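Everything on this sheet refers to the single structure shown next.
Values in this text are rule-based calculations from the coordinates and carry no lab data. These figures come from a predicted structure and were not determined experimentally. Every residue, glycine as well, gets a Cβ built from its backbone with ideal geometry; the counts of neighbours run over all protein chains shown.
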Amino acid sequence: MLYSITLFVLVILPYTKGDLLKDAVNKISKKANEECKIQIEDRQLVGCDIDSVNENVPSGALCTYISDGRIQSDNPVETFVCEQGYFIYLHHKSTGTANGHVISKRWFWVAAAAFVGGAILCAAFCGGGGGGGIQYVVNKPPTITCPSVDGPFYPDKGMDTVVVTWDVPIATDPEGKLDRTDLDGAPPNSKFGDGSHTILYTAIDDIGNTATCTIRFQVKVIYCYFGGSLYAEHGRAICHTPALYGNTCEFVCNTGYQLAMSSPTTKICEKSGSIGEWQPLNNFVCEKKKCSDPPAYCNGQLLCSDGNNFDSVCYPTCADGYSTDMTKNLRCNGDEWIGVDIIQPCLDVQPPEFTLCPESVHAFSDENGSAIVDWPIPEAFDNSENADDCGGSSGITVSQVLGKAPRSNFEIGYHDITYTAIDNNNNGGLCKFTVIVEELSCDPLVVEDQFLLVQCLNGYSLGSTCEFSCF
């Protein structure tokens, strides 16, 4: 506060009331020891919470200064408290510190002498009527209305800032000499990001007295964290970053896999209280794609490593009597079977078997030395007759390839007969036997009569005749 002091008369006169003067000096000296002078070197006074007298404030008074002697919004503001004649440094508004620095009283004895001199003059010349003497003119600091800004503030979906507004503080000065109102921070209707924010308004009058308004609020940006619920085996999440409230993640399965029916396809970062949470809560699940059932394999089957699921490999096996190239295989790529055109069918490799094949056929020749020989036609069976119907013909062909046909005239001797049975894959079976035609003859005649002559012109074979005659 600024005080104006006017002295009308300054006359040094003998003061006859010694006890009164001594008492006044003692009181003033004691008061001087408890007070602090408000003028501090390299600092300009902003204001004190107790009015000063003769540029002094009593013990317990709080005073605010600007450190470099200029009143600017970017200068640090310091606060001191008067304690028994010393200013104790309380805090620095730029950093919020509270270190205690002692500013020693300056010009203490000058102040004491001034108080003593002033008291003597006042005792000599100041009357109870109040006319003349010392006059005090007080310059009061400005006042400022500080709005209430509630929080915290949450940005809208997909945003990491939020617009915060408030009523601009209104500053007034009792003397009507408000110089300006400085703003430290962003103005209302500005966008603010995550964290705590402090806005400072400082009203300053024409001589540097100030009043401040501090607005504090918090902005909380809702984030979701990447982790457990976004993980799935055989897949990955594709997310809009950063993972703000309202942003989504789509899930894509690896090649050969697809999302299960029970699995969500997307998740959205939703607000759950003051934190973010991926919803829905159930996890992504990737399952193997399936091919159609393996193709039918005639006269065999396909043995698969994992059914008709993705990456399953199928190898062919054949029924008895059939064979194929087992190095060829099928593989499911998740949509279709690969290798159908290279896998080979099961082929019949087993020859037919004769179920009826005569053993050697015996016959006796007639008078002509031959015989008509007959036998049953050989019969054969082939495994293809009980095989799968693969769309082609099946059966066997039995043919005689060596010797006379049945019911042919065979001369005396040995005659080889051969039949073959051929199936549709040219597998062949053989039936072999022998036709034996024997000559039927009588034993030679033995005649004991020496005068009897026997003549058998055709020998002793069947149908031959012998003639007898006597000498």
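General remarks:
- Whole-angstrom Cα spans of the range 396-471 along principal axes, big to small: 77, 17, 11
- With the simple spin-label model, which puts each label point 7 Å out from Cα in the Cβ direction, the T434 to E34 separation comes to 15.7 nm.
- Packing-based exposure ordering (other Cβ within 10 Å, fewest first) of R43, R407: R407, R43
- Between N283 and S305, the contour length at 0.36 nm per residue exceeds the Cα-Cα span by 5.1 nm.
- Note on Y231 and D156: with the Förster distance fixed at 35 Å, the Cβ-Cβ geometry gives a FRET efficiency of about 0.75.
- More than 29 angstrom apart: percent of Cα pairs within the range 318-471: 52 percent
- Calculated translational diffusion coefficient of the range 244-319 (37 °C, 0.692 mPa s; Stokes-Einstein with Kirkwood radius over alpha-carbon pairs) equals 211 µm²/s.
- For the range 334-395, the direction-averaged projected area of the alpha-carbon convex hull comes to 7.6 nm².
- The amide H of F410, built 1.01 Å from its N in the peptide plane, has A371, I372, V373 as neighbours under 5 Å, considering only residues 5 or more places off or on other chains.
- Extension gain, V401 to Y86, is 99.3 nm, computed as 0.36 nm per intervening residue step minus the present C-alpha separation.
- E270/V163 FRET efficiency (R0 22 Å; Cβ-Cβ; nearest 0.05): 0.50
- Checking the cross-link pairs K220/K267; K157/K288; K191/K271 against a 26 Å limit on the alpha carbon distance flags K157/K288 as lying beyond it.
- Close amide H pairs (under 5 Å, H built 1.01 Å from N) link I222 with Y245, residues at least 5 positions away or on another chain.
- Rounded to whole Hz, the Karplus (6.51, -1.76, 1.60) HN-Hα couplings of the range 218-229, x for glycine and proline: 10, 10, 10, 8, 7, 10, 10, 9, 6, x, x, 6
- The stretch between L62 and I338 holds 90.4 nm of extra length on full extension. This uses 0.36 nm per residue minus the Cα-Cα distance.
- Residues K267, K140, ranked from the fewest to the most other C-beta atoms within 10 Å, line up as K140, K267.
- Proportion of all alpha-carbon pairs of the range 134-202 beyond 14 Å (%): 67 percent
- If you take all other residues with their beta carbon under 13 Å from the beta carbon of G193, and give Lys and Arg +1 and Asp and Glu -1, the sum is 0.
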